[in-house]
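J.: Sharing a structure, written as structure tokens. Questions coming.
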Amino acid sequence: MSIVIKNITLKYRASINTLIGEWNMPAKDKFIEYSEEQIKMLGDPDLYTRQVAKMLGVGVSTVVRARQRLGIKVPLGQKKNTIRAKTKEHKRPGKVKQETRTCLHPECSITFIVIPSRTKQYCSHRCHSLTVDNSHLHSAAVLAKRTKSTTPVYKRYKALVHRLSGKTYHENIDIINPERHPRTLNGVDGGWQLDHIKTIKECFEQGIPAEEVAAVSNLRMLPWQQNLMRNYN
Ligand SMILES: [Zn+2]
């Protein structure tokens, strides 16, 4: 390997110098003292681009670009010191390792091919559900958790208000948002949000129907900062 590196280094000496020249800019001072060692790293096809980037303290794209210019081709998925499989089959580049498994259902003998990392043990959902006891999923407690009736009433009310408000907004966009402020999440510069003038919480506490909370008259646009303040006051 060291011979290869030496050749690369010699062969691309000119390009490396060009490279260093280009890097020799105020914002990228760290590359001025680009050492022989670091150039070797770039030239070592056994090193992952990610590894080199980490070692050099630069971004991955910098390494990718540098390697492209140096003409260094790093095989995908190759890793330093990895003991490669010795069989003929696995020496073929690009060949994905596969294994054959038999369905775990006692009365099923279907086999299927997976890559080793897959956890699949049954040929089908049917075989899985017939073999594995998942009766606990049908217990009263689990079913109750999944039914909407146990979601806190306020949460459901809020969700309904939001759904209705979205509808109102789109049907009345010229009234609510004539200037077409962009609606964003918190933290987006220049972002606005649809706000309920009388808050959802207040309305909930006063038993006001969701339809009224989501009416045009209760909707307005607010910069997200102001909306955030309102919700925390
Ligand atoms: Zn099966």
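J.: DSSP loop trypsin sites (Lys or Arg not before Pro) in the range 154-211 with at most 10 other Cβ atoms within 10 Å of their Cβ, which ones? Let's see the in-between values first.
T.: Numbers: sites: K155, R156, K158, R163, K167, R180, R183, K198, K201; in loops: R180, K198.
Loop-located and lightly packed - R180.
J.: Of the listed pairs K40/K95; K158/K198; K73/K97; K54/K95, which have alpha-carbon separations greater than 21 Å here? Before the final figure, lay out the partial values.
T.: Values: K40/K95 29 Å; K158/K198 13 Å; K73/K97 23 Å; K54/K95 29 Å.
Check vs 21 Å cut-off fails for K40/K95; K73/K97; K54/K95.
J.: Using the Karplus curve 6.51 cos²θ - 1.76 cosθ + 1.60 with θ = phi - 60°, what ³J(HN,Hα) values do you get for each residue of the range 39-50, in whole Hz, with x for Gly and Pro?
T.: So the J values, rounded to whole Hz, are 5, 4, 4, 4, x, 8, x, 7, 9, 5, 4, 4.
Read the figures in this text as sums done on the coordinates, not as results from a lab. Being a predicted model, the structure only gives us computed values, none of them experimental. With ideal geometry, Cβ positions are generated from the backbone for all residues, glycine too; neighbour counts draw on all protein chains shown.
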